[in-house]
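Since the structure comes first, as structure tokens, the remarks are kept for the end.
The values are calculated or read from the model by the stated rules, or taken from the named source; none is laboratory data. Keep in mind it's a predicted model, so treat the numbers as computed, not measured. Cβ: placed from backbone, ideal geometry, glycine included. Neighbour counts: every protein chain shown.
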Amino acid sequence: MAEHRACGHLGWLVQYRAPVWQPLVVAVGQRLADTFMWMHEEELDDGSVLHAYKHIHTRHYLYLTADGRAFEHAPCGRFVPTRLDHAIEQALCTWWILSGWDAEDAEAVRDAVLRACEQVSGGA
């Protein structure tokens, strides 16, 4: 288990040329993954690989590790672990305000958030 750091983890840019989509597709499904841009890969100070995905409408980032953990970029410049369902909501839920979404997009967002929430609660 990774060491807990109250102030988060430092990250270093590793590469920005070869996109890695699998963590995003697993987290939100292919339909929603198609609405993101892969921006870059960072390595955290605990050795985790972190992928930065930017939504095309909201311009919010979703930071995911290769093993599916979510992080947020804190004001102090470090990456702080967060719940996956919260990270998905943060990245996507203003989409309908900014550019509108159709019923299928809305359903895909709800499904992704609920799946992530179930992972947190252990499927209960």
Which numbered condition residue 72 misses (of (1) of a type in the set (Asp, Glu); (2) within 17 Å of residue 25 (Cβ to Cβ); (3) not in a helix (DSSP H, G or I)):
(2)
Report, by residue number, each residue of segment 12-32 that is surrounded by 19 or more Cβ atoms within 10 Å (Cβ to Cβ) and either in contact with a helix residue (DSSP H, G or I) (Cβ under 9 Å, 6 or more places away or on another chain) or at pLDDT below 95 (or both).
24, 27, 28, 32
Kindly indicate the residue of segment 33-51 that is in contact with a strand residue (DSSP E or B) (Cβ under 9 Å, 6 or more places away or on another chain) and closer than 25 Å to residue 102 by Cα and also surrounded by the most Cβ atoms within 10 Å (Cβ to Cβ) among those meeting that condition.
36
Six or more apart or on different chains, Cβ under 7 Å: which pairs go from a residue in segment 50-61 that's within 12 Å of residue 73 (Cβ to Cβ) to one that's among the hydroxyl-bearing types (Ser, Thr, Tyr)? Could you list them?
50/63; 50/65; 52/61; 52/63; 54/61; 61/53
Some residue of segment 55-67 being within 12 Å of the chain's Cα centre (by Cα), more than 24 Å from residue 110 (Cβ to Cβ) and among the hydrophobic types (A, V, I, L, M, F, W, C):
yes
Could you please give the count of residues in segment 83-102 that are of a type outside the set (D, E, K, R), surrounded by fewer than 17 Cβ atoms within 10 Å (Cβ to Cβ) and over 18 Å from residue 56 (Cα atoms)?
1
Consider residue 66 against the criteria (1) surrounded by fewer than 17 Cβ atoms within 10 Å (Cβ to Cβ); (2) farther than 16 Å from residue 22 by Cα: it satisfies all of them except one. Which criterion is unmet?
(2)
